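The values are calculated or read from the model by the stated rules, or taken from the named source; none is laboratory data. Being a predicted model, the structure only gives us computed values, none of them experimental. Cβ coordinates were reconstructed from backbone atoms using ideal geometry, including for glycine residues, and neighbour counts include every protein chain displayed.
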Amino acid sequence: MAPVVVEPVAAEPESPPPFVAAPEPALPPMVEAPIAPRVYEDDAVSRYSDEARSSFDFEPPFQPRRNWLRMWTIAAVLFAVIALAAVAAVTRYGVPDWLPIANTTFARAQPDLVLDFPPNRQDRRTLPNGTEFFGASGTITNVGQQRQTVPSILIVLRDRRERIVYSYEVAPPKRTLAPGESLTINEAVTDVPKSAKVAEIGWKPN
């Protein structure tokens, strides 16, 4: 009888222990961020208003662009009208006394020379032949302590509206006066305008 050979049975490999996952860390609680208010852009509002506008809504009339050339032309015309009106007023009524140029008819007074032409020595009349006559007499006196040079005299005739209608220069017969010395002047003209009514006498401007 043949011997029985018993083969050793291989041991089954041991199964690995089951895998156990590590616990996940706890997440912090979720906090919802505040929702910012929505800001609408101007163009979005305008687009919305354009879409919501009806074609039958009232609209203002068309406004044309400003015509600057036309405005400047109107301003120039107004300036010309005002200037012409001012010239006409000065021509008719004379220069107002409050203007600085109104007081430049005569030169400044001479400190040491006294000019004296009293009204009762001024003669304004019409001669028998129809000629208009004006005559004046007066004196110039040196009241200073030194010799003085005598400038020329200006006689101005004005009408009833105080407009200058005639003026002429009178050269003194003597150009220097000693202290206390006087000079007499007699002057007459026959070609003055008939409208001349008032006479003014002063130093002639340079």
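Right, SER137: closer than 30 Å to ALA88 by Cβ and in contact with an Asp or Glu (Cβ under 8 Å, 6 or more places away or on another chain) or not? Don't jump to the end; show me each part of the working.
On the way: closer than 30 Å to ALA88 by Cβ: no; in contact with an Asp or Glu (Cβ under 8 Å, 6 or more places away or on another chain): yes.
Taking the combined requirement at face value, the residue does not satisfy it.
Could you tell me how many of the residues in region 111-122 are part of a loop (DSSP other than H, G, I, E, B) and closer than 19 Å to ALA199 by Cα? Reasoning before the result, please.
Applying the first criterion (part of a loop (DSSP other than H, G, I, E, B)) to region 111-122 yields 111-112, 117-118.
Narrowing further to those that are closer than 19 Å to ALA199 by Cα: 117-118.
Selection size over region 111-122: 2.
Filter region 123-140 for residues that are assigned to a strand (DSSP E or B) and of a type in the set (A, V, I, L, M, F, W, C); which is surrounded by the most Cβ atoms within 10 Å (Cβ to Cβ)?
Here is the first cut: in region 123-140, the ones assigned to a strand (DSSP E or B) are 123-126, 132-140.
Filter once more, keeping what is of a type in the set (A, V, I, L, M, F, W, C): 133-134, 136, 140.
Numbers: PHE133: 14, PHE134: 21, ALA136: 21, ILE140: 23.
Taking the candidates together, the pick is ILE140.
Take ARG161 and tell me if it is in contact with a helix residue (DSSP H, G or I) (Cβ under 7 Å, 6 or more places away or on another chain), over 18 Å from ASN186 (Cβ atoms) and not assigned by TED's automatic domain parsing to the domain that holds ALA89.
Numbers: in contact with a helix residue (DSSP H, G or I) (Cβ under 7 Å, 6 or more places away or on another chain): yes; over 18 Å from ASN186 (Cβ atoms): yes; not assigned by TED's automatic domain parsing to the domain that holds ALA89: yes.
So ARG161 passes the test.
Condition first: closer than 30 Å to VAL87 by Cβ, surrounded by fewer than 11 Cβ atoms within 10 Å (Cβ to Cβ) and without any contact (Cβ under 8 Å) to a residue 24 or more places away in the chain. Can you find one or more residues in region 103-120 that meet it? Before the answer, list the steps.
Step one: filter region 103-120 for residues closer than 30 Å to VAL87 by Cβ, giving 103-108.
If we keep only those that are surrounded by fewer than 11 Cβ atoms within 10 Å (Cβ to Cβ) too, we end up with 103-104, 108.
From what's left, without any contact (Cβ under 8 Å) to a residue 24 or more places away in the chain: 103.
Within region 103-120, one or more residues are closer than 30 Å to VAL87 by Cβ, surrounded by fewer than 11 Cβ atoms within 10 Å (Cβ to Cβ) and without any contact (Cβ under 8 Å) to a residue 24 or more places away in the chain.
Applying the selection to region 193-206, what residues are charged (D, E, K, R) and loosely packed, with under 15 Cβ neighbours inside 10 Å?
Of region 193-206, the ones charged (D, E, K, R) are 194, 197, 200, 204.
Scanning region 193-206 gives LYS194, LYS197.
Please specify each residue of region 170-192 satisfying the condition of being surrounded by 11 or more Cβ atoms within 10 Å (Cβ to Cβ), part of a loop (DSSP other than H, G, I, E, B), in contact (Cβ under 8 Å) with a residue 40 or more places away in the chain and not aliphatic (A, V, I, L, M).
Across region 170-192, the qualifying residues are GLU181, THR190.
Given the criterion modelled with pLDDT of 90 or more, aromatic (Phe, Trp, Tyr) and at negative phi, identify the matching residue among PHE134, PHE106.
Working: PHE106 fails: modelled with pLDDT of 90 or more.
Answer to the selection: PHE134.
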